[in-house]
1. Can you give me the number of residues within segment A:221-235 that are at the interface with chain B (Cβ under 10 Å from one of its Cβ atoms) and either modelled with pLDDT under 95 or in a helix (DSSP H, G or I) (or both)?
2. Out of segment A:125-163, which residues are in contact with a Lys or Arg (Cβ under 6 Å, 6 or more places away or on another chain) and part of a helix (DSSP H, G or I)?
3. Determine, yes or no, whether A:Leu138 is buried (at least 20 other Cβ atoms within 10 Å of the Cβ) and not charged (D, E, K, R).
4. Within segment A:164-181, restricting attention to residues that are more than 7 Å from every other protein chain (Cβ to nearest Cβ) and in a loop (DSSP other than H, G, I, E, B), which residue is surrounded by the fewest Cβ atoms within 10 Å (Cβ to Cβ)?
5. Looking at segment B:32-65, which of the residues that are within 18 Å of the chain's Cα centre (by Cα) and among the small types (Gly, Ala, Ser) is modelled with the highest pLDDT?
6. Which numbered condition in (1) buried (at least 22 other Cβ atoms within 10 Å of the Cβ); (2) over 16 Å from the mean Cα position of the chain (by Cα) is the only one that B:Ser68 fails?
7. Within segment B:1-31, take every residue that is within 25 Å of B:Gly91 (Cα to Cα) and either within 9 Å of another protein chain (Cβ to nearest Cβ) or crowded, with 24+ Cβ neighbours inside 10 Å (or both) and give me the one that is modelled with the highest pLDDT.
Amino acid sequence: MDANFYDFLDRMRNPASLDLVRSIKSFIVSISFYAANPENDAKRVQDFFSTMEAAIMEHPLWEAATAQEIDSAMEGLEKYVMTKLFSRTFSSSPEDAKMDLQISEKIQLLQAFLKPEHLDIPPLLCNEASWLLAEKELLKINAFKSPREKLLCIVNCCKVINNLLLNASMSENRVLAGADDFLPLLIFVTIKASSPLCHFADHSNLRTLLSANPPQLHSNLRFIQLYRRQAKLVSEAAYYFTNLVSTKSFLLDLNAKSLSMDEIVFEENMKAARQKNKLTPKEPLSASEAMKSSQDHKYQVPSEKMQDKETSGSNYPYMEAEAGDLTVRDVEILLSTYKDVVAKYTNLSRAVRRHPFSKTEIPVSSVEGTSDTLSQLEGTGAPSLPGG
Amino acid sequence: MGCSSSLPDRSSGRLVGPNSENGGAPDSKNLRVKLVLLGDSGVGKSCIVLRFVRGQFDPTSKVTVGASFLSQTIALQDSTTVKFEIWDTAGQERYAALAPLYYRGAAVAVVVYDITSPESFSKAQYWVKELQKHGSPDIVMALVGNKADLHEKREVSVQEGIDYAEKNGMFFIETSAKTADNINQLFEEIAKRLPRPTAQ
């Protein structure tokens, strides 16, 4: 799927691109010197993309390159940089996590009773097979770390809905109603896709995992908005992106007046859904279960495929988890993992202190301050920067 | 109601690839314009656009036809081209609060009503006020009375449309998506009114 990225990596291995490699690495290191802040980080990243675009256009390796080739290189660069900075930039603030949780809770309540007719979706457009396809496209969003690929998941989901509408207008002679039909379908698909109880036709483990991960709607949208190269968040992609932003906003503010449903009935349904959620904590699909089953079946969470195994902390099942995924049942595993990490860290520090090389060691305070930097450098798997 | 149901050729608007079906950054000769469509549901917003997009028979022009996002390029007499990227919005009342997400950054807003529906005309006036308050200050606005073929059911007079548009500095036209009357004129007139960027 990602020829751009491999081509980019190939070119970066060429000795002639050493200057670019250095700029990229020093950028990735330098950003960790600043306190993480989404707006500032985004500005730095976007400025860096512009600078690099200019540098690549001037670069001998891209001499006589077409606009398309330059663009491919930039796509590769975006993916590389954002994969490296992912843990720093994705859903990094407590507000993001809170918002994700708020949306996912709201959606969970709505799932209990919302039907297509409550959004005036005509029966003709109730096509389970198409919806399922659209849901699957949307759910893939958490399997990717680059803004481009995440955005592509949204676009693909919307195109499935689009095709459903175009087909209905062709075969059923339904007048195309544009956004009047499109937005309600996207809202409905988003609700269904976020369902922890969403049943897929084939009960493969991967599907279960995907549906067990709430799409973190807010965090994904914010990440794309901030870090997708600005020149690429335009036109059709921007339109579909905006529709999902609308969906999020609609769901957050949704009340009795937002639906074709009696207000009293709405309140009763919400109340019943709240009670049901309290009584039955989302049983079989809590984060811990999902993680366990992923290990039992030697199945990888899709997003893990994309990162270096060494740095992904695959022995620590919660490395990919978000606060919203956790349930009370996870506490036990978290605690034992925590004890394990502390024990290892204590032994390691003791060993380092005893070791004759300890004199060259960096003072503890600065080790803490630069731990991100170090792991990022290791993570790159390429030679470190000269002179650190 | 009348969009014809034949389907246009679909070109998959690929995300990948340079910014540019129109060859890179827009310049003063080749404008790329975000146009947002506002209006009550059922006034025929999408029919107008489909008519416009299908009506251009230049086989070389790249067209993107989705159910709610469409793009079409037209050539003007002064040898400039304008690529319209048309953003449809859901007209149902329950989505009204979302409109600012769509018209943000739009260069053109086309506000559509149905000449047989006074309610849709009041809704159009609501959108105009919204745009004046929250749209970008140099947005080009057009007021469109659609379904002009339904004379016998007319409830909003031409004069009412003209007066309202004039008072609000808008361009006014009545169209029929069914007969294609005035559809091209609408977009050509918008293209003429666009502010030209000064060359960088």
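1. 3
2. In the first step, residues of segment A:125-163 are kept if they are in contact with a Lys or Arg (Cβ under 6 Å, 6 or more places away or on another chain); the result is A:135, A:141, A:144, A:146-147, A:151, A:153.
Within segment A:125-163, A:Glu135, A:Ile141, A:Pro147, A:Leu151, A:Cys153 meet the criteria.
3. On the way: buried (at least 20 other Cβ atoms within 10 Å of the Cβ): yes; not charged (D, E, K, R): yes.
Considered against the rule, which asks whether it is buried (at least 20 other Cβ atoms within 10 Å of the Cβ) and not charged (D, E, K, R), A:Leu138 comes out as yes.
4. Among them, the one singled out is A:Glu172.
5. Restricting to residues being within 18 Å of the chain's Cα centre (by Cα) and among the small types (Gly, Ala, Ser), the top hit is B:Gly39.
6. So B:Ser68 meets the others, but not (2).
7. Among residues in segment B:1-31 that are within 25 Å of B:Gly91 (Cα to Cα) and either within 9 Å of another protein chain (Cβ to nearest Cβ) or crowded, with 24+ Cβ neighbours inside 10 Å (or both), the one modelled with the highest pLDDT is B:Cys3.
Table: residues versus (1) small (Gly, Ala, Ser); (2) part of a helix (DSSP H, G or I).
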| site | (1), (2) |
| --- | --- |
| A:Ala237 | yes, yes |
| A:Tyr240 | no, yes |
| A:Leu244 | no, yes |
| A:Ser249 | yes, yes |
| A:Lys257 | no, yes |
| A:Met261 | no, no |
| A:Ile264 | no, yes |
| A:Ala273 | yes, yes |
| A:Asn277 | no, yes |
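The values are calculated or read from the model by the stated rules, or taken from the named source; none is laboratory data. Nothing here was measured: the structure is a model prediction, and the numbers come from that model. Note that each Cβ is placed from the backbone with ideal geometry, even for glycine, and that neighbours are counted across all protein chains shown.
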